[in-house]
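Quick note: the coordinates plus some simple rules give every number you see, no bench work behind them. Since the structure is predicted, the reported quantities are computational estimates derived from the model, not experimental observations. Positions of Cβ are backbone-derived with ideal geometry, glycine not excepted, and every protein chain shown enters the neighbour counts.
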Amino acid sequence: MDRIETVKNHFEEEAKEFDEIILKLIPHYTEMIEALVLSIPFEKDKPINVIDLGCGTGTIGQKIKIAFPNSKISCLDIAENMIKMAQIKIGENIDYYINDFYDFDFDKKYDVIISSLALHHLANDEDKKMFYRKIYNALTDNGVFYNADVVLGSNSHIQDLYIKKWKTFMGKNVPLDEIENKWIVKYKTEDRPASLINHINWLKEIGYKNIDVVWKYYNYCVYGGYK
Ligand SMILES: C[S@@+](CC[C@H](N)C(=O)[O-])C[C@H]1O[C@@H](n2cnc3c(N)ncnc32)[C@H](O)[C@@H]1O
């Protein structure tokens, strides 16, 4: 089984419990998502077009719909069961795409492109950079892209610190053997994070403006910029 299929199967199986699990595994998940939504610079009533890449169970789409009631939300995910949970959470009046990032062609321009805990699944630096460029091309003028995600430390000391702090957080919610034998194993086999400095440099090279890191807790952060 290739890595993307492994990732897809993981989320197909986890869909029903995902909302509970994510709070146990990701430090300050709710605060991180709040920072992502607060970064969107548009007027509350503006009818903005938004797409959530790797939408999972639709948590972010739901929050955006509350913050921007006239927004048109599109949700994309490779895992059908995650999309089904999103449909229950935010309803049918949303465009849903069951697609792999690698095969997806944006069908229109978006004012807001966001993603949370999903783009680290792209295989390598080249693929991430290419996808950032694709996102840039799909933004309206002054459209924004924000990503909440896990990143790598810039050296082994910082990376060890990141993992230590992450394990300390998970240790409050799940047993130690589950952390080591399940979640750290999944992290190593399924995830391909890059350093935050690299992400920022790629955004700069592509031409994003107003690039910023809005929120950060060790290896979890929210960053992005404007077209
Ligand atoms: C950790 S979940 C995050 C869900 C949601 N964004 C959140 O923060 O609650 C990652 C999601 O990305 C999706 N995903 C991973 N790789 C993908 C790919 N190559 N194409 C599309 N979706 C993908 C998974 O199916 C999963 O639903």
Over segment 63-105, the set of residues under 18 Å from Ile135 (Cα atoms), more than 9 Å from the ligand (Cβ to nearest atom) and touching a residue at least 60 places away in the same chain (Cβ under 8 Å) is none
Segment 137-183, subset out of contact with any strand residue (DSSP E or B) (no Cβ under 7 Å at 6 or more places or on another chain) and among the aromatic types (Phe, Trp, Tyr), residue nearest to Val213 (Cα to Cα) = Tyr162
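Table: residues versus (1) out of contact with any helix residue (DSSP H, G or I) (no Cβ under 8 Å at 6 or more places or on another chain); (2) more than 9 Å from the ligand (Cβ to nearest atom); (3) within 19 Å of Asp77 (Cα to Cα).
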| position | (1), (2), (3) |
| --- | --- |
| Arg3 | no, yes, yes |
| Val7 | no, no, yes |
| Lys16 | no, yes, yes |
| Thr30 | no, yes, no |
| Lys44 | no, yes, no |
Within segment 80-122, count every residue that is under 20 Å from Pro193 (Cα atoms) and either acidic (Asp, Glu) or crowded, with 17+ Cβ neighbours inside 10 Å (or both).
-> 12
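Considering only residues that are touching a residue at least 60 places away in the same chain (Cβ under 8 Å) and in contact with a strand residue (DSSP E or B) (Cβ under 8 Å, 6 or more places away or on another chain), look in segment 184-197 and name the one that is surrounded by the fewest Cβ atoms within 10 Å (Cβ to Cβ). Talk me through it step by step, then tell me what you get.
Just the residues of segment 184-197 that are touching a residue at least 60 places away in the same chain (Cβ under 8 Å), to begin with: 186, 189-194.
Those left that are additionally in contact with a strand residue (DSSP E or B) (Cβ under 8 Å, 6 or more places away or on another chain): 191, 193-194.
On the way: Asp191: 15, Pro193: 21, Ala194: 19.
Among residues in segment 184-197 that are touching a residue at least 60 places away in the same chain (Cβ under 8 Å) and in contact with a strand residue (DSSP E or B) (Cβ under 8 Å, 6 or more places away or on another chain), the one surrounded by the fewest Cβ atoms within 10 Å (Cβ to Cβ) is Asp191.
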Could you list all residues from segment 1-37 that are β-branched (Val, Ile, Thr) and part of a helix (DSSP H, G or I)?
-> Ile4, Thr6, Val7, Ile21, Ile22, Thr30, Ile33, Val37
Restricting attention to segment 101-134, the residues that are outside any helix (DSSP H, G or I) and either within 13 Å of the chain's Cα centre (by Cα) or more than 14 Å from Ile51 (Cα to Cα) (or both) number exactly 9
